[in-house]
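S.K.: Okay, handing you the structure first.
No lab work stands behind these numbers, since they all come straight from the coordinates. Predicted, not measured: the structure shown is a model, and the values here were computed from it. Glycine gets a Cβ as well: all are built from the backbone with ideal geometry, and neighbour counts include every protein chain shown.
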Amino acid sequence: MSRNYNDELQFLEKINKNSWRIKKGFVPNMQVEGVFYVNDALEKLMFEELRNACRGGGVGGFLPAMKQIGNVAALPGIVHRSIGLPDVHSGYGFAIGNMAAFDMNDPEAVVSPGGVGFDINCGVRLLRTNLDESDVQPVKEQLAQAMFDHIPVGVGSKGVIPMNAKDLEEALEMGVDWSLREGYAWAEDKEHCEEYGRMLQADPNKVSPRAKKRGLPQVTHFGGGNLTDLDFAALIPDALVAMEKAMKRDKIIVNDRQLACARIASPEGQDYLKGMAAAGNYAWVNRSSMTFLTRQLDFFFYETFFFKLFYSKFWDTCAEHAGLLQRYTCALVVCRTCQPFGTCKDCIFSGLVQCLIPLLQAPESYKNVTDVVNTCHDAGISKKAIKLRPIAVIKG
Amino acid sequence: MRGPEPAPEPTMEGDVLDTLEALGYKGPLLEEQALTKAAEGGLSSHEFSELCIWLGSQIKSLCNLEERITSAGRDDLESFQLEISGFLKEMACPILYSYWEILKIEVQAMFDILGIPKSTTSDILLMLNQVESKVKDILSKVQKSHVGKPLLKIDLNSEQAEQLERINEALCCEYECRRLMLMKRLDVTVQSFGWSDRAKVKTDDIARIYQPKHYTTITMAHLLAAREDLSKIIRTSSGASQEKTACAINKVLMGRVFWTLKIEIIVQLKKKDSTL
């Protein structure tokens, strides 16, 4: 870091108590400004991180989040702002919780795997039931145990839903349409999924055989439903190599090697997007399968014990990505607003979930989710809607 | 020596027939009488409409036009006329249907629907009077509540009507977008069903059952015709809808998987509560 901390501060401007502006020049070649959202505690953390970096103490090869937001703002084709959502922190190329939009009509615009993230379509599903707490309390232990026993958990365990290689290919291509066809999903589920549970540009041929091999047994389980995880991490060097070649050919310059990217319209860019879409579809199939098994259990339970509840629909699928879980001790549902992009509600929302998912998986980086949600609310990014109180918890 | 018999006077119909033949038309109107009769029927003649559609597609491909005349439009007279108007406009054709001609055709269509014998007069106001009295007659024979009260409860002045037209246009654009999206989603879902091995033998059946419906553009006429029952919004996930759209799939149970579990639970609960 050639600049000292005070000089860096010249490029940073407080907009209000919840947001800061990163001015052009903070890092080389910024096409747009950056903005990041904080509360008092998060603000302290971010500036501490920057100060440490200036003193020469980086964390494990990652730049401070603020710098990463700046580097993203230097990517070709970026629109409006490079955004850091509350609790943004260092990541691979992009900070985690760092969001950017690229104009697909701009021939210069790029797509970057670091920006998409390795946990493609990592998400949460919220199911609604017509049951009361009083219906569930008496059997909650058995219900939780049954879910744990019958919905596989953990990486490497086998799924209950029969699936062969051909099924996987079709699932990668068709997403929830596959689940629907095979009878695992209900038609109305699609309406509550982003992209109707299927990204149409998916091409299973753009997903590596190794990732498929690993993904096949895991189509129904908690905590392993990403086709990415270790595979993509291992594959990143491959993707990087392909994209680095493309960057030389197309003369793309980035501030950070981890921001390897390709023009959206280039063969590398298109291949990546098609593979990414297939990975996304896989996750939706995974969640649909889990929903199916959950519905089976629920129906099974309540037919046995409460004959009066014998009717076919217990669970509705509420919005994907709608639940935010904090060590399963409380969950909040937020609804989207239009800030900070005018029409880009989906980007914001997935960015928000993206920055919170690490909380679930790495308890040592535990932060108060209520804090983060409150900051989003104050900053106008989202509005608090419902707070959920869990009565039983299953760890995946 | 007399010269050869003079050729018959060229008629417009004759010219048209020659042109049609030259263009490769092989339909039923290649005979002068048939063509004349069809032309008299205008757009209410099936053969005439078919001819228009055929001509339209020939011209469209030759001239690379955007507009087209579709056979789906034929079932909805108004849309069909709009398509032809649009088509002629794109060709910069000076002869367009006049407003009154369109009106006459529409009123005639009303006659057909209401079962009124074809009008002897071409005075539109008289024709509309006939329509009104027939409608009153029909209404007198049904329950009072059968046709509800109108949703629009005021008379619109021309400024309001214009404003509404503009709003309608903007909404049509917006909903066109959404409609295309939903149609696309429906298409790909049906397609994905067609890819399964079991479905491959049934492609004909699927094609027969799944025919996208023709879409009618919403206009001011729809607003004027709207009844109060439209203000009741039926949720797609309401109990009634769910019951009616439920199918066998919703009730599938993986019996064997949970059989042992069932026994376990019953045993456990029996231990806890001997009254079970």
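S.K.: Order B:211-222, A:75-86, A:106-117 from most to least packed using the mean count of other Cβ atoms within 10 Å. Provide the component values of the computation, followed by the final result.
M.R.: Details: B:211-222: 11.4, A:75-86: 23.8, A:106-117: 20.2.
Output ranking for B:211-222, A:75-86, A:106-117: A:75-86, A:106-117, B:211-222.
S.K.: Return the sequence-ordered ³J(HN,Hα) values of segment A:110-118 in whole Hz as given by the Karplus equation 6.51 cos²θ - 1.76 cosθ + 1.60 applied to θ = phi - 60°, using x for Gly and Pro.
M.R.: 10, 10, 10, x, x, x, 5, x, 8
S.K.: Give the average, rounded to an integer, of partner chain Cβ atoms located within 10 angstrom of each Cβ in A:179-187. Kindly include the intermediate steps, with their values, before the conclusion.
M.R.: On the way: counts 0, 4, 9, 2, 5, 2, 1, 6, 5.
Mean inter-chain Cβ contacts per residue within 10 Å come to 4.
S.K.: Can you give me the distance in nm between label points at B:S145 and A:V393, each placed 7 Å from the Cα along the Cα-to-Cβ direction?
M.R.: Label-label distance for B:S145 and A:V393, simple model: 5.4 nm.
S.K.: As a footprinting exposure proxy, order A:V38, B:V190 by other Cβ within 10 Å, with the fewest listed first.
M.R.: Working: A:V38 23, B:V190 16.
Fewest-to-most ranking of A:V38, B:V190: B:V190, A:V38.
S.K.: Using a 10 Å cut-off around each Cβ of peptide B:193-200, what is the average number of partner chain Cβ atoms that fall inside? Spell out each step's value before the answer.
M.R.: Details: counts 4, 1, 6, 4, 1, 1, 1, 0.
If you average over the peptide's residues, the count of other-chain Cβ atoms is 2.
S.K.: Per residue of A:171-178, what is the mean number of Cβ atoms on other protein chains within 10 angstrom of that residue's Cβ? All intermediate terms of the calculation are to be shown ahead of the outcome.
M.R.: Working: counts 0, 0, 2, 6, 2, 2, 8, 3.
That average works out to 3.
S.K.: Students often get this wrong, so check it: of A:K274/A:K383; B:K104/B:K213; A:K206/B:K200; A:K14/A:K274, which have C-alpha atoms separated by over 29 Å?
M.R.: Working: A:K274/A:K383 33 Å; B:K104/B:K213 27 Å; A:K206/B:K200 26 Å; A:K14/A:K274 40 Å.
Table pairs above 29 Å Cα-Cα are A:K274/A:K383; A:K14/A:K274.
S.K.: I've got another one for you. Check which residues have an amide H placed less than 5 Å from A:L388's amide H, if you skip close sequence neighbours.
M.R.: Close amide H contacts, sequence-distant or interchain: A:A331, A:L332, A:V333.
S.K.: Step through the table entries A:K67/A:K212; A:K166/B:K202; A:K24/A:K251; B:K149/B:K232; B:K118/B:K149, compare each Cα-Cα distance with 25 Å, and write down the pairs that go over it. Don't skip to the end; give the middle numbers.
M.R.: On the way: A:K67/A:K212 35 Å; A:K166/B:K202 21 Å; A:K24/A:K251 22 Å; B:K149/B:K232 13 Å; B:K118/B:K149 30 Å.
Result: A:K67/A:K212; B:K118/B:K149 exceed 25 Å.
S.K.: Note down the Stokes-Einstein diffusion coefficient of segment B:149-228 in µm²/s, whole number, using a Kirkwood radius over alpha carbon pairs, 20 °C, and 1.002 mPa s. Spell out each step's value before the answer.
M.R.: Working: Rh = 15.9 Å.
Estimated diffusion coefficient is 135 µm²/s.
S.K.: Based on other C-beta atoms within 10 Å, arrange A:Y37, B:Y25, A:Y282, A:Y272 from fewest to most.
M.R.: Values: A:Y37 27, B:Y25 16, A:Y282 30, A:Y272 23.
Lowest count first: B:Y25, A:Y272, A:Y37, A:Y282.
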